[in-house]
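Taking it in order: structure first as structure tokens, then the write-up.
The values are calculated or read from the model by the stated rules, or taken from the named source; none is laboratory data. In this text, all values refer to a predicted model and were calculated from it rather than measured experimentally. A quick note on method: Cβ atoms are made from the backbone with ideal geometry, for glycine too, and the neighbour counts reach across all protein chains shown. The protein model used for the area step is the full one, side chains on, heavy atoms only, and it has no ligands, DNA or RNA in it. Shrake-Rupley method; radii C 1.70, N 1.55, O 1.52, S 1.80 Å.
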Amino acid sequence: QVQLVESGGGLVQAGGSLRVSCAASGSIFSINSMAWYRQAPGKQRELVATITSGGITNYADSVKGRFTISRDNAKNTVYLQMNSLKPEDTAVYYCNANSVRYMYWGQGTQVTVSS
């Protein structure tokens, strides 16, 4: 089992920055990749960014050039640095971890961008 705990969400004005964190614990040796998803009210959950155990990253087109996913292996933590935030970035942001057999989710953290 892997436990994921997000933190760092909040309210920010458009154009501002925010960093959310995801601390992993438990069977972290089994994790192959981690990711951030988000879900806005009335919309489906969507993939925002991924990072593999080797550090390869990938981003949704909507956040490319604005968001950066990174990981600190010593702290078992993954970060999502969000810059130039837009009102349409408002959503609950979820941390995700994938092993060969399972997918794990955090409880989510709210990010609200005011116009």
*Mind checking which pairs have a first residue in region 56-69 that is free of Cβ contacts under 8 Å to residues at least 24 places away in the same chain and a second that is open to solvent by 70 Å² or more (accessible area, probe 1.4 Å) and of a type in the set (Gly, Ala, Ser), Cβ under 9 Å, 6 or more apart or different chains?*
TYR59/GLY65
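Restricting to region 80-115, name every residue that is surrounded by fewer than 17 Cβ atoms within 10 Å (Cβ to Cβ), within 20 Å of SER33 (Cα to Cα) and out of contact with any Lys or Arg (no Cβ under 8 Å at 6 or more places or on another chain). Break it down into steps so the answer makes sense when it comes.
Keep residues of region 80-115 that are surrounded by fewer than 17 Cβ atoms within 10 Å (Cβ to Cβ), which gives 81, 83-84, 86-88, 99-103, 105, 107, 110, 112, 114-115.
So of that shortlist, the ones also within 20 Å of SER33 (Cα to Cα) come out as 81, 99-103, 105, 107.
Within region 80-115, SER99, VAL100, ARG101, TYR102, MET103, TRP105, GLN107 meet the criteria.
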*In region 1-42, which residues are open to solvent by less than 30 Å² (accessible area, probe 1.4 Å) and β-branched (Val, Ile, Thr)?*
VAL2, VAL12, VAL20, ILE31
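Out of all the residues in region 73-96, which are over 14 Å from LEU18 (Cβ atoms) and outside any strand (DSSP E or B)?
Here is the first cut: in region 73-96, the residues over 14 Å from LEU18 (Cβ atoms) are 73-78, 88, 94-96.
The answer is ASN73, ALA74, LYS75, ASN76, GLU88.
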*Among the residues of region 53-65, which ones are modelled with pLDDT under 95 and either surrounded by 15 or more Cβ atoms within 10 Å (Cβ to Cβ) or under 13 Å from ALA97 (Cα atoms) (or both)?*
SER53
_Hey, THR68 open to solvent by 50 Å² or more (accessible area, probe 1.4 Å), assigned to a strand (DSSP E or B) and at negative phi or not_ = yes
